[in-house]
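*Asks:* Starting off with a structure, shown below.
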Amino acid sequence: MNRGATLFAPETPTYVPSHGKGSQSTLDLVLANSSRCISSISTLTEGGSDHLPVYFELWGTPQTQLKKPRFDFRRTDWGVFRCALNNVIPTARPPLGTATDIDTAVVTFTEEITTAVQASTPTSTPRPQKLELPEEILDLIRDKNKVRRLWQVHRRVEDKRAYNRLHKEVRSRISQWRSNRWDELLRNVSPQDNSLWKLTRRLNRQGSWTTPTLRTETTTATTDLEKAELLAQHFAAINNNSVNRGNDSFNEKVEAEVRRLITGRTNSQTQDASEVGPNTISSPKHATPREIEKIIKKLKNNKSPGSDGIPNTVLKHFTRKALVKLTNITNAILKHAYYPTHWKTATVIALPKPGKPTTEPSSYRPISLLSSLAKVVDRIILNRLTDVGDKMRIIPDNQFGFRRNHATIHQLSRVVSHISGNMAKRNITAMVLLDSEKAFDTVWIEGLIQRLATYSFPSPLIKLVFSYLTDREIKARVGNKLSAPLQLAAGLPQGSVMSPWLFNIYTSHLLKLQNSHVHIAGFADDLALYSSSVSAKNAINRVRNATHHMIKELNLWKINVNAAKSEAILFTPSRKQVDTHIHIRTNRIPFSSSVKYLGVHIDNKLNWNVHTKTTNKLALSKLGRNYCLFRSSEINSTHKLLLYKAIVRPTLTYGCQVWHTVAETHLQKLQITQNKCIRLASGASWYVSNHTLHTDLNIPTVRQVLYEKFKTFHSELETYPNPRVFSLSSSNHPLNPPRRLKRRWPRDLLVE
């Protein structure tokens, strides 16, 4: 071995032909990079293959993955917790006059809560569930292995027959044992105690995983600590807008404005708070214990805690004393425009992206875990910001993302109504969908502060937002190992309630670009630009020019457009294909026959054949993943029908408010899928008709479900304050086009 490797082989053969013919041989070997690390190599007779397992001892120190004990809050004595919390929180209120005082108060309060938790909550160490076979099956396995050894040594026919008989019996007994365990589990599931939904989540999730060895062009990470460091470096690099530098002179101008606004008389990290707060505008409205208590009550119990380990459940058992202390800290933050350093660090866990190679750091999606206490204060700050922003109506009406009572279906209805109305008028509509690359992670902080100042937000709130966004850090976690903290140069914190609203403010001016012929539809970071004209050339040129102008503005504000995921489409009643394209930088974007917008596949004739085909395939895959539940005779049929309504039917009907007038041939495919589901759920025989099944089980057909969904959707439009949504509430088409085409419109159902 010329590369320093050593080959090891056991003394006994590793291949024993099961058919009794041929010679035994050693085919299974061990290759090691050191001759001193391998010892005691031999073969074992366990297993059912004709290749015997190779046993060897490996010299070295193994990496043990010890599970850390954690608090079991299901067994917390909340009476003891509240008593301990009142005892550890001092009655005297320390002054919170400086940034250091606020940081100290946050750390002290966290320690006091942790002390109360330790006094009232037992710990438990998570242990992996072991599948322990019954003793009688284990005895059979031992007998099988014993007979197998006899057959390998003596090669007697009676030994071979005994081995085959025992091998079949072991497989049969294990299969029956597993089946009985599964039936017992299914008999006990119920939607009332959430056991049914827990089981479906287990069937639909990817399952637990161990992060494999990670590799880049220059680095290989094998230990958990090395993996955590590599992932942290990758995620921190994403939060860096150096990819799109914008315009240097514009950058300098904006950064100079922000410096004058923030650092004129403010340096909250070092100066006394009396010098920190702005003296021109009063501080935001103070929080009250009652306001904080209401926010805490709305928190979800099943959210993972941040680095402090305090879950939302603990906050919901706060005493009056604890609420008052958290209120005092919150008011000090509002008064002095300073966000505590302790709450700026996020613990990041990495989830693998489906279908991506798991050995590359870029194949992982970061999930940030923030402090629960910080989330409560973030909600208070957001309430103060929205009080000002809503009065000034900063967010434009055509931005539907992250807004109360605004959903994807409202924006879809607006866009599709425009396209269908113009098709009826013989107009052609060109549309470009722009995908922003890592839009939230690369938000230019100084640019966001400049937008807040432009919109005349109070100076204390602007300075507080700046303190909130700057000097943030992340620590990646793999197993029990944490990486060193890395600072983020840009971006909005993931998992914070403030981030979506701040992003809407940051991009609000982009959706107000003046062009009477081009419409803009925004949903968070998804932008759609569309224009209609009698001439395809005019429509394309308008959208092309608007796209170039939009990309120029996006680049100016350091938002990078992902050309690979951007799409273009031309809606035309003509069958003649238009071979054209647009350019995004050096990338050529051709006009496609269908695009995916907000989860719905829109084709260039509005026939919805692509969407119904894709939707039906997705619904069938969900049925397949839960087939063992639908097919089981141990689960009540009522529960199985509930599974269909909760898992499969929402997939079949998503976005139906815009496509429910699809042709009957496409709708019938969806109905067939529903027929399969309810027949499986009910266990009905083949001779029971589908009509009888729907009638007896009181299940509406797919057509009836689509009709009811559109009717409910349309009736709610009249109450929307957004004029872009309210315009869709009329019984006639908003554009009032002539009924030239035979196609039905969604509103036709209202008069049927």
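Laboratory data are not the source of any read-out in this text; all were calculated from the coordinates shown. On a predicted model such as this, the values are computed, not experimentally measured, just so you know. Reconstructed Cβ throughout: ideal geometry from the backbone, glycine too, with neighbour counts over all protein chains shown.
*Asks:* Using amide H atoms built 1.01 Å from N in the peptide plane, name the residues 5+ places from residue 400, or on other chains, whose amide H lies under 5 Å from its own.
*Replies:* Residues meeting the criterion, in which the H sits 1.01 Å from N, are 522, 523, 524.
*Asks:* Let me check against my output: what whole-number percent is the relative contact order of region 533-654, with C-alpha pairs under 8 Å and at least 6 apart?
*Replies:* 16
*Asks:* How many nm is it between the label spots at residue 698 and residue 32, if each spot is 7 Å from the Cα in line with the beta carbon?
*Replies:* Roughly 7.0 nm, to one decimal.
*Asks:* Compute, for the chain, the length of the dipole vector about the Cα centre, with Cβ point charges of +1 (Lys, Arg) and -1 (Asp, Glu) only. Units Debye, rounded to 20.
*Replies:* Working: 106 positive and 60 negative charges, 466 e Å.
Taking the Cα centre of the chain as origin, the dipole is about 2240 debye.
*Asks:* Report the relative contact order of region 369-503, percent, no decimals, based on alpha-carbon pairs under 8 angstrom and at least 6 residues apart. Don't skip to the answer; put the middle values down first.
*Replies:* Details: 89 pairs, mean separation 41.0, N = 135.
Reported relative contact order: 30 percent.
*Asks:* Then there's this: Under 16 Å from a point placed 7 Å out from the Cα of residue 203 along the Cα-to-Cβ direction: which residues of region 629-661 have their backbone N that close?
*Replies:* Answer for region 629-661: 629-651.
*Asks:* At R0 = 35 Å, how high is the FRET efficiency between residue 300 and residue 248 if r is their beta carbon distance? Nearest 0.05 is fine.
*Replies:* Values: r = 45 Å, r/R0 = 1.27.
Approximately 0.20, to the nearest 0.05.
*Asks:* With r defined as the distance between the Cβ atoms of residue 711 and residue 679 and R0 fixed at 22 Å, what FRET efficiency is calculated, to the nearest 0.05?
*Replies:* According to the calculation, E is roughly 0.20.
*Asks:* A follow-up question, please. Positive end of the charge dipole of the chain (Lys, Arg +1 and Asp, Glu -1 on Cβ, about the Cα centre): tell me which of 170, 513, 730 has its Cα farthest that way.
*Replies:* 730
*Asks:* In nm, give the distance between the simple-model label positions of residue 125 and residue 156, each being 7 Å from the Cα along the Cα-to-Cβ direction.
*Replies:* Reported label-point gap for residue 125 and residue 156 is 4.8 nm.
*Asks:* Pulled fully out, how much extra length does the chain show between residue 173 and residue 513, if you take 0.36 nm times their separation in residues and subtract their Cα-Cα distance?
*Replies:* Full extension of this stretch gives 115.3 nm more.
*Asks:* Using helices alone, I'd like the mean residue ellipticity at 222 nm for the chain: each DSSP H run of four-plus residues gives -39500 (n - 2.57), total over residue count, nearest 500.
*Replies:* Working: 26 runs with 333 residues, N = 752.
Rounded to the nearest 500, it is -14000 deg cm²/dmol.
*Asks:* Right, something else. Only Lys, Arg, Asp and Glu count, each charged at its Cβ (+1, +1, -1, -1), so figure out the dipole size of region 78-130 about its Cα centre, rounded to 20 debye. Please list the in-between numbers first.
*Replies:* Numbers: 4 positive and 4 negative charges, 84 e Å.
Here region 78-130 has a charge dipole of around 400 debye.
*Asks:* Select from 563, 607, 695 the residue farthest towards the positive end of the dipole of the chain; place +1 on Cβ of Lys and Arg, -1 on Cβ of Asp and Glu, and compute about the Cα centre.
*Replies:* The residue sitting farthest along the positive end of the dipole is 695.
*Asks:* Still on this model: Where does region 586-643 land on Rg(C-alpha)/(2.2 N^0.38 Å)? Walk me through the numbers on the way to the answer.
*Replies:* Values: Rg = 17.9 Å, N = 58, 2.2 N^0.38 = 10.3 Å.
Dividing the Cα radius of gyration by 2.2 N^0.38 Å gives 1.74.
*Asks:* Tell me, what is the FRET efficiency for residue 91 and residue 240 to the nearest 0.05, using R0 = 56 angstrom and their Cβ-Cβ distance as r? Working shown, then result.
*Replies:* Working: r = 47 Å, r/R0 = 0.83.
Once rounded, the FRET efficiency stands at 0.75.
*Asks:* Taking the Cα centre of region 603-730 as origin and charging only Cβ (+1 Lys, Arg; -1 Asp, Glu), how large is the dipole, in debye to the nearest 20?
*Replies:* Numbers: 16 positive and 7 negative charges, 88 e Å.
Charge dipole of region 603-730: 420 debye, to the nearest 20.
*Asks:* Give a residue-ordered list of calculated ³J(HN,Hα) values for region 583-594 (Karplus: 6.51 cos²θ - 1.76 cosθ + 1.60, θ = phi - 60°; whole Hz; x for Gly, Pro).
*Replies:* 10, 10, 6, 9, 8, 8, 10, x, 7, 8, 7, 7
*Asks:* In the chain, if the dipole is taken from +1 on Lys/Arg beta carbons and -1 on Asp/Glu beta carbons about the Cα centre, which of 372, 339, 638 is farthest to the positive end?
*Replies:* It is 638.
*Asks:* Sorted from largest to smallest, which semi-axis lengths in Å does the alpha carbon gyration tensor of the chain give for its equivalent ellipsoid, taking the root of 5 times each eigenvalue?
*Replies:* Numbers: eigenvalues 517, 342, 174 Å².
Rounded to whole Å, the semi-axes are 51, 41, 30.
*Asks:* Using Cα-only point scatterers and the Debye equation, what is log10 of I(q)/I(0) for region 322-404 at each q in 0.15 Å⁻¹, rounded to two decimals?
*Replies:* Computed log10 I(q)/I(0) values: -0.82.
*Asks:* In nm, what is the difference between 0.36 nm times the number of residues separating residue 552 and residue 180 and their Cα-Cα distance?
*Replies:* Working: separation 372, 0.36 × 372 = 133.92 nm, distance 6.44 nm.
Between residue 552 and residue 180, full extension yields an extra 127.5 nm.
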